[in-house]
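The values are calculated or read from the model by the stated rules, or taken from the named source; none is laboratory data. Predicted, not measured: the structure shown is a model, and the values here were computed from it. Here the Cβ positions follow ideal geometry from the backbone for every residue, glycine too, while neighbour counts run over all protein chains shown.
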């Protein structure tokens, strides 16, 4: 048998009995895929890892708390043998052979009738990699091939033509805080499939250089106090290109719905009858502080964090932020778009109860090669911003967590 390669096949296990012998680490790794396949999973094992036990408690599998016994595989379509008892494994393997049950053995692959491939998934496609030569089987090699293929499908570097009619529409993609590696895999794949990309200034600009030449890139930059593309014009551009049958990506910084006006665009698209997909992104409100060594929460220091927009000053009648209430909180305050208003914000927080000595960190161009961190206090932050020439985009963190990390002031 070892002289012939394994025959690859996809098992449709929905509603069919699968028996797993052993509740250890092998079962813990394999069970989620069996559950996802809709299999009727029966676990036979005297004990199990906490994760496997949680699957049983949730009703995802049926657990019989005992060792393997003859007859356990009689009604199975597929079996995974992964106990620590080699004699039991051999006996179960022999039973599987008698009942013509495809059987995987974790302790001796050569005695199994089936092998588990290294698998991965990307947008409805399952990639399964098997070593064809049993004499040179290397799980690390097959896993590396699997990872390379899946990563290529996800980030668009491995592109296969779609043999289907593509439905035109718009994807609102959160690009993350700036580092191109921090966009989601789904967002990167949609970029690779786009005909038109309408990009914000704060989106991950390096990703635009990877786009094929035929992709039209529209600059929708809203540069503070400079040229900008009105929101209505952005909405119209999204609608017009989608109506032309194109796949449109609206590439935004951070997350589309965290001060990103993403819902305004989604509403405009809905009114025009344009399908819209929202791809969440990593918000700069948590990722940028983290990249600068600041946890927005920390045991014994902060049990809450609040994210607010600072683009409108506290004394401006347009402000929707309850700054007096925020001043009374003891947790972390994260302020976005507030560099030019931080002086008045700090004064308001102090006037309503925050200590002037409260630490403040400003993280400019977070997660990019130009990232820099400037520390101050509520009492000194206004003059520090001017003296250190802090410019947008910068995330401002107020609270004791500023001094927690290895680069903090504490």
From 161, 168, which residue is modelled with pLDDT under 80, within 30 Å of residue 180 (Cβ to Cβ) and surrounded by 15 or more Cβ atoms within 10 Å (Cβ to Cβ)?
-> 168
Turns out the strands (runs of 3 or more DSSP E) fully within the range 274-370 with at least 2 residues that are assigned by TED's automatic domain parsing to the domain that holds residue 388 and either over 27 Å from the mean Cα position of the chain (by Cα) or free of Cβ contacts under 8 Å to residues at least 12 places away in the same chain (or both) are 359-364
Flag for residue 2 being closer than 23 Å to residue 131 by Cα, more than 31 Å from the chain's Cα centre (by Cα) and at pLDDT 95 or above = no
Identify all residues within the range 70-89 that are farther than 25 Å from residue 33 by Cβ and either in a loop (DSSP other than H, G, I, E, B) or touching a strand residue (DSSP E or B) at 6+ places or on another chain (Cβ under 9 Å) (or both); write none if there are none.
-> 70, 71
Log entry, pairs with first residue in the range 171-184 being touching a residue at least 12 places away in the same chain (Cβ under 8 Å), second being in a strand (DSSP E or B) and surrounded by fewer than 19 Cβ atoms within 10 Å (Cβ to Cβ), beta carbons closer than 6 Å, six or more apart or on different chains, reads 171/277; 172/278
Give the number of residues within the range 28-43 that are under 14 Å from residue 78 (Cα atoms) and outside any loop (DSSP other than H, G, I, E, B).
-> 9
Of the conditions (1) closer than 23 Å to residue 127 by Cα; (2) surrounded by 12 or more Cβ atoms within 10 Å (Cβ to Cβ), residue 10 clears all except one; give me its number.
-> (2)
Is it the case that some residue within the range 37-60 is touching a helix residue (DSSP H, G or I) at 6+ places or on another chain (Cβ under 8 Å), at pLDDT 95 or above and either within 20 Å of residue 119 (Cα to Cα) or exposed (fewer than 12 other Cβ atoms within 10 Å of the Cβ) (or both)?
-> yes
